[in-house]
Every structure is written in structure tokens, then in C-alpha cells.
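Contents: one structure, followed by commentary.
Any read-out appearing in this document is the output of simple, stated calculations on the displayed coordinates, not a laboratory observation. The structure presented is a predicted model; accordingly, all values stated were derived computationally and were not measured. Here the Cβ positions follow ideal geometry from the backbone for every residue, glycine too, while neighbour counts run over all protein chains shown.
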Amino acid sequence: MGALLSKGQGGIHYEDINSSNNKPENYPAQKGAIIANKVLKGNLECAGEAFEEIYLWLITNYYEDMDKIKSKLIDLLFVIEKALPYKASSFSKSKQSYIFSILKTNSKEVLKRQFINIISQLSDETQEQIRSERDGISPKVLEYLNNNYYKEINLADAARYVNLSYHYFSKIFKDEAGKNFSDYLTELRIEKSMRFLKDHKISIKEVCFKIGYNDPNYYCKIVKKVTGMTPTEYRAVINIRGDDIG
């Protein structure tokens, strides 16, 4: 945390800033997303630098209005939390305590230190959850897909199941599975269909419905694309060989 606190401790005394000599500029709202991104990556120094810019803007433009500064800090906290790929449950409890402490504080320096501390706490919990999620995401997702492949599921459904954001889950899944979610689900469905096709009592149309497709023609095209054979050809080869080629 030394890197985050160095600027504030080193000599930027906000009480010395005369806001009457500064014209209001556009609020650097994009910095909130930058802070969240750096928190996600565990880069506290860069997160602190982005916060410094926001806080300097706040005390420059709302110098005499502590309530406005506090309101903006609380808003910023929610912006950062919302931008993260999941909800940090224990942090949510600390957040309430932090908000109460903001409302009771009338020192600009204390407000700054409080916010830096909450960023540090959020980063620690985020990194811990990332480590645990990376260790457990594959088995959880694979189990989910194996139990639900025949339903109308998509990447957003799987992301919600493991409590991650759509875009973050998409990246993690592709990194770990070596292919995107859609391709993986398609191959899983075709693999399951190969087993159903061995049972000649089940029509190809029924097999199509069993694995989550509504259009038998589309199913046949996908099987041909993935395996090089149509479902009918696959069954014919099984009959000739009398064994399992899947």
C-alpha cells in the first residue's frame, strides 16, 4: 500500500488548493473503469494513480462542498464494484461500513486514505477469488454442460452459473478449454448424439431433439461438419462393423 499512499502523504495537501482559481473540467469518469481493471489485475499502484486523478478533480471542483465529494466517492465505489466480473461477498459487508465512515468524516485527507484502503481490500479479495475460481471453474463448468447440454443454454447461462461476467468467463473458458464456448458445446452435443445413434430404436429426429437441437436438417449438417459423416452414414458404418466407432 506504500505506493498508493505516497502521493497523498508526500505533500499534496488538499486544504491548500484554492478552487476559485480553477475552472471546472469534465469529471474523469473513465478512471473508475481503469481502477476496476487495475484492481482485477492486482496492480494497486496504477489503481492508486487513477484514483489520485479523480480525487484531485473532486477537491479542485468541489472544494467547499464536502457532501458533494462524499457523494462522488460513494458513487465511484459502486462504479468500481459493478465493473468487476463478480460480486465479492465479504467486501459488500465492508462497503457498508466504509460508506458510514465516509458520511462521518470531514477531512479530505482522511477521505482519501479511507478510499485507498477500501481499494486495497477489494483488490485482495478479488485476487483471492480469481485464484479460487481458476482452480474450480473447469470442473464446475464441465459438470454444468454435461448435465444441461440438451437445454437451450448459452455462454451467458454458464457464466451466471459460476458467478462470473460474460466477457471475463468467455476469456477464461477459451484459455482453459482451448476453444470458444459455442464450439465446445456443439462438439459435446455431437458426442452425446453418437451414443444415441447406436440405438436404432431412436430415430435421427429424436436424437436431434435429445441433444438440444430443434431442426433435424441443421443437426445433420453439424454432424457432417464435425465427424465427416451424416447420422445415417454413421449408423450404416456401425451396422457393417458391428462395433463402436465413436
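Here the alpha carbons of the range 133-179 define both size measures, Rg and Dmax, at 9.8, 27 Å. The phi torsions of the range 177-192, fed into the Karplus equation with coefficients 6.51, -1.76 and 1.60 and a -60° offset, translate into couplings of 8, x, 7, 6, 4, 4, 5, 5, 5, 4, 5, 5, 4, 5, 4, 5 Hz, rounded to whole numbers, with Gly and Pro shown as x.
Length gained on full extension, ILE74 to ILE202: 40.1 nm, using 0.36 nm per residue less the C-alpha separation.
To the nearest 0.05, what FRET efficiency results for GLU176 and GLU64 with a Förster distance of 45 Å applied to their C-beta separation? Could you put the intermediate results ahead of the total?
Working: r = 52 Å, r/R0 = 1.17.
Approximately 0.30, to the nearest 0.05.
Neighbour counts of other Cβ atoms within 10 Å put ARG189, ARG235, ARG131 in the fewest-to-most order ARG131, ARG235, ARG189.
Each Cα pair under 8 Å and six or more residues apart adds its separation to the average, and for the range 182-241 the resulting relative contact order is 29 percent. Counted by neighbouring Cβ atoms within 10 Å, the residues MET194, MET66 run from fewest to most as MET66, MET194.
Each label point was placed 7 Å from the Cα along the Cα-to-Cβ direction; for ASN148 and LYS41 their separation is 3.2 nm.
The modelled label-to-label distance for the pair GLU191/THR232, using points 7 Å beyond Cα in the direction of Cβ, is 2.8 nm. Could you tell me the calculated FRET efficiency between ASN26 and GLU109, based on Cβ-Cβ distance and R0 = 25 angstrom, to the nearest 0.05? E between ASN26 and GLU109, to the nearest 0.05, is 0.50. Note on the range 133-179: with charges restricted to the Cβ of Lys and Arg (+1) and Asp and Glu (-1), its dipole about the Cα centre is near 100 debye. Label-to-label distance for ASP215 and LYS82 is 3.8 nm, based on points extended 7 Å past Cα in the beta-carbon direction.
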